[in-house]
Each structure stands twice: as C-alpha cells, then as structure tokens.
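Just so it is clear, none of the values below were taken in a lab; they were calculated from the coordinates. None of these values were measured; they are calculated from a predicted model. With ideal geometry, Cβ positions are generated from the backbone for all residues, glycine too; neighbour counts draw on all protein chains shown.
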Amino acid sequence: MIDKEFHIKSLFGGMYISIAATAYLMAPNPLIGSFLFSLGLFAILATGCNLFTGYVGYLGIQKTKDDFLLYAKRSLFVWLFNFIGAIVTSQII
C-alpha cells in the first residue's frame with residue numbers, strides 16, 4: 001500500500017534533484033556544477049528519498065502481473081510527486 005511517507009519521500013526526491021539541477025546550471029564551471037549535482041544525488045540516497053529514474057528500473061523484473069501493476073502504480077506516484085516537488089522548488093527559487 002502507498003502511504004504518506006512514500007509520498008513525502010517522492011516529493012522531497014523531486015525537490016532535491018531540482019535544487020541539484022539548478023546548482024548545476026548556475027555553476028560557473030561544468031566541473032563544479034557536476035560536483036554540486038552529485039551532492040543532490042547523494043542527498044537523495046542519504047535520506048532514502050524516491051527518484052523516478054532509479055525506481056522505474058526495477059519495473060521489468062516483477063514476477064507476477066499483480067506485482068507488476070502495483071509497482072507500475074507506485075512508479076507513477078513517484079513520477080507525479082517528483083514532478084510536483086520540482087515545480088514547488090522552481091517556484092521557491
């Protein structure tokens with residue numbers, strides 16, 4: 001079942017990656033920008049947040065149709081809340 005914590009982790013995943021992307025684009029040097037973007041990815045891993053690009057990779061290895069449909073539903077929610085988090089962060093920045 002998809003709970004509130006799952007939604008919040010997906011929302012924060014979108015916020016972290018949008019902050020990282022903004023830092024990358026605003027950095028004067030591509031090397032510095034790459035380092036700042038990797039810090040955003042590290043923040044996602046360290047806090048246990050959900051990011052769609054990492055979540056959808058496991059979609060194809062589901063054993064049954066029910067598992068596949070549940071995981072597809074969860075992937076859709078991760079994408080949606082990552083998108084909402086990115087939009088919210090872009091409005092704040």
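Under the criterion of Cα pairs below 8 Å and six or more residues apart, the relative contact order for the chain equals 43 percent. Counting only alpha carbon atoms, the long axis of helix 30-47 and the longest principal axis of the chain meet at about 40°.
Spatially close Lys pairs in the chain, defined by Cα atoms under 20 Å apart and a spacing of eight or more places or different chains, total 4.
One equal scatterer on each Cα of the chain, no solvent, Debye formula: the resulting log10 I(q)/I(0) at q = 0.15, 0.21, 0.24 Å⁻¹ is -0.60, -0.97, -1.14. Each Lys or Arg adds one and each Asp or Glu takes one away; over the other residues whose Cβ falls under 14 Å from the Cβ of L80, this sums to +3. The calculated FRET efficiency for the pair I2 and T64, based on their C-beta separation and a Förster distance of 22 Å, comes to about 0.75.
Given only helices, namely DSSP H runs of n ≥ 4 each adding -39500 (n - 2.57), what is the per-residue ellipticity at 222 nm of the chain, to the nearest 500 deg cm²/dmol? The partial results should precede the final answer.
On the way: 4 runs with 73 residues, N = 93.
So the helix-based figure for the chain works out to -26500 deg cm²/dmol.
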